[in-house]
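**Q** This is the structure I want to talk about, given as structure tokens.
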Amino acid sequence: MKGMNKAIVGIVFGIALIYAALSLMLTVLNLMDTGTVSMFLFLPHGGELGVDLGDYLGFLVEPYDSFLSLVGVTVTGDAGTLKIIELVLVVAGFALAAAGMVTRPSLDCTGTNNPAQYLWTHRPGAAARCLTAPWGLLTACWRRSKPLVIVPIVLLPFYASWALMMTVFLIIPFAVMRAVIGARIRSAAKREGREYEKSTQYAVCPKCKRNFVRPKVKCKCGLDLDYPVPNAYGYKYHVCNNGHEIPCTSGKRSNLRTICPYCGADIETREAMPVSVAMVGAVGSGKTTMMLAAVDTITKMARTRDVSVEAVTPGVSKQAVMAKDVAPKTAPGELDTECLFLRSRTMQDKELMINDISGQEFEPREGKALFEEYYTYTDGIVFAFDPMSLTRQRRGAMPMDVFESFHFMYSQITGTSPNKVSDVPMAVVATKNDIVSPRLADKDVRRFLIENGQDGFVRVLESLFSDVRYFAVSSYGDDCMSAAKPFWWIVSKTDQELAGAVPIEMD
Ligand SMILES: Nc1nc2c(ncn2[C@@H]2O[C@H](COP(=O)(O)OP(=O)(O)OP(=O)(O)O)[C@@H](O)[C@H]2O)c(=O)[nH]1
Ligand SMILES: [Mg+2]
Ligand SMILES: [Zn+2]
Ligand SMILES: [Zn+2]
């Protein structure tokens, strides 16, 4: 038993013991005075310190008195010595009941599942354990060896009255403690729920792409625990089965090692609010280069406002960004989501998640994997096309083909009818603007598509997505500021705080 539980038990048992000790003191004083054994209740009133229970519960107290004098008389006939012996027996009885309170079975709070240690007042059977604590000698001996239990049974007449009194004295502190802790759990849980809802809402696994309210946590000893939130296991921290403390208040939790509750992968969530963007486009349309250019720009612009950007996946690392102009072809198949964490002193952590897919996935092919979760929780879609592929000898897949292939997956995955209008922001991006002549402005892109035989694409796209915006970007060299615009437009639709924290011009 550790920390909080020890404190709770200490308070409850402490109050009962102090109270019983005060009653013992009155009992001893009375014995010295009158020579009779009676039980007292410590209750200062009208100049008196206690109430003589013998006056009210004589049928309970008298047998105790008779028993003790009987034992005393077998030893001595002298009245003075008898008093001393009775005094010793009373104190010993008290000590036996008090000793029961600190024996293992009643104090032991180690659990069997994780997180292991319930708050003591909220663990199953806590009330019963509390009330039986003064009789702990019986259980302690029984546990050690069954025949041994005969000893506390024989001694029972000496300490039964004291144990009974302590049992009664335990009821009030336990009930008060339970109510106080229950109220603390409730208010801490409410506060945590509100804060989590405001700052995080949910988390997304970059491996399996599924989303969930809270991840699981791996303790430093390797045990998997539920995400620590204030509950019966603790309102400030939980304790694992190996005794490690795991904080469950929002500020301290973000450094915990988190794992995905579905696939078990080690993931970082940092309680950051996620914004998730999916990329669509033909092979060679410039998706990966654009993503890296956007990361580059976002990082540079964030620095001007003291916002730190940390890439946690290798695909968007500093090295990858530096080599963006020679980005390798993206391998087909399902890939990990690229993750960036953004934070500042004034802004709660944010996570920008980008799903970059190989253009091959939008080519007609048998038995294609449906990218289930790529699109299920997406906050926006960046649709890239290479304008040169439309003008020069029309090479590569046309935007319409890519869109049809994408939309087939999209409607299957989101379980909507193929005609349903989606309100997910759709950024249509003409890439490689540095080699297009004349250069395109954002406002020219829609007309450019129509004039180059993609009027069908524009029509279908705009009928299926209600929130479409066109961009023209260049991702090459240092002149790649424009690449961040489509991403930041999506961010601004989802998270105003993040959008405002990094100055990306949208014009
Ligand atoms: N000049 C110029 N070339 C670009 C630009 N963006 C991409 N490219 C080039 O276009 C080619 C394809 O770019 P990627 O970013 O790999 O294209 P992708 O859409 O990711 O392709 P897949 O991963 O195969 O689907 C590469 O040779 C890039 O260097 C750009 O803005 N300007
Ligand atoms: Mg790529
Ligand atoms: Zn997962
Ligand atoms: Zn542990």
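**Q** Considering the range 293-343 alone, what residues qualify as being outside any strand (DSSP E or B), of a type in the set (D, E) and more than 16 Å from ligand 3 (Cβ to nearest atom)?
**A** Residues satisfying the conditions are D296, D306, D325.
**Q** What are the residues in the range 444-481 that are among the polar types (S, T, N, Q) and under 15 Å from A430 (Cβ atoms), if any?
**A** Matches in the range 444-481: N452, Q454, S474, S475.
Residues checked against (1) under 22 Å from T378 (Cβ atoms); (2) modelled with pLDDT of 95 or more; (3) surrounded by fewer than 24 Cβ atoms within 10 Å (Cβ to Cβ):
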residue: L256; (1), (2), (3): no, no, yes
residue: G264; (1), (2), (3): no, no, yes
residue: E268; (1), (2), (3): yes, no, yes
residue: M273; (1), (2), (3): yes, no, yes
residue: S285; (1), (2), (3): yes, no, no
residue: R303; (1), (2), (3): no, no, yes
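**Q** State whether one or more residues within the range 228-235 are away from ligand 1 (no atom under 16 Å from the Cβ), in a strand (DSSP E or B) and not basic (K, R).
**A** The answer is yes; a qualifying residue exists.
**Q** Mind listing just one residue for me: the one in the range 391-436 that is among the hydroxyl-bearing types (S, T, Y) and more than 21 Å from V277 (Cβ to Cβ) and, of those, surrounded by the fewest Cβ atoms within 10 Å (Cβ to Cβ)?
**A** S417
**Q** Do you know which residues across the range 28-40 are surrounded by 18 or more Cβ atoms within 10 Å (Cβ to Cβ), more than 20 Å from V73 (Cα to Cα) and of a type outside the set (F, W, Y)?
**A** Residue satisfying the conditions is M39 alone.
**Q** Something else: Taking the residues in the range 183-210 that are closer than 16 Å to V275 by Cα and among the basic types (K, R) as candidates, determine which candidate is surrounded by the fewest Cβ atoms within 10 Å (Cβ to Cβ).
**A** Once the filter is applied, the top-ranked residue is K198.
**Q** With respect to G315, is the statement that it is buried (at least 19 other Cβ atoms within 10 Å of the Cβ) and within 26 Å of A441 (Cα to Cα) true?
**A** no
**Q** Could you tell me which of the residues F362, F341 is modelled with pLDDT of 95 or more and away from ligand 4 (no atom under 16 Å from the Cβ)?
**A** Exactly one residue qualifies, and that residue is F341.
**Q** Moving to a separate point now. Quick one: in the range 444-476, which of the residues that are touching a residue at least 12 places away in the same chain (Cβ under 8 Å) and of a type in the set (V, I, T) is farthest from D296 (Cα to Cα)?
**A** Top of the filtered list is V460.
The values are calculated or read from the model by the stated rules, or taken from the named source; none is laboratory data. All figures in this text were calculated on a predicted structure; none of them were measured in a lab. For neighbour counting, all protein chains shown are included, and Cβ atoms are generated from backbone atoms with ideal geometry for every residue, glycine included.
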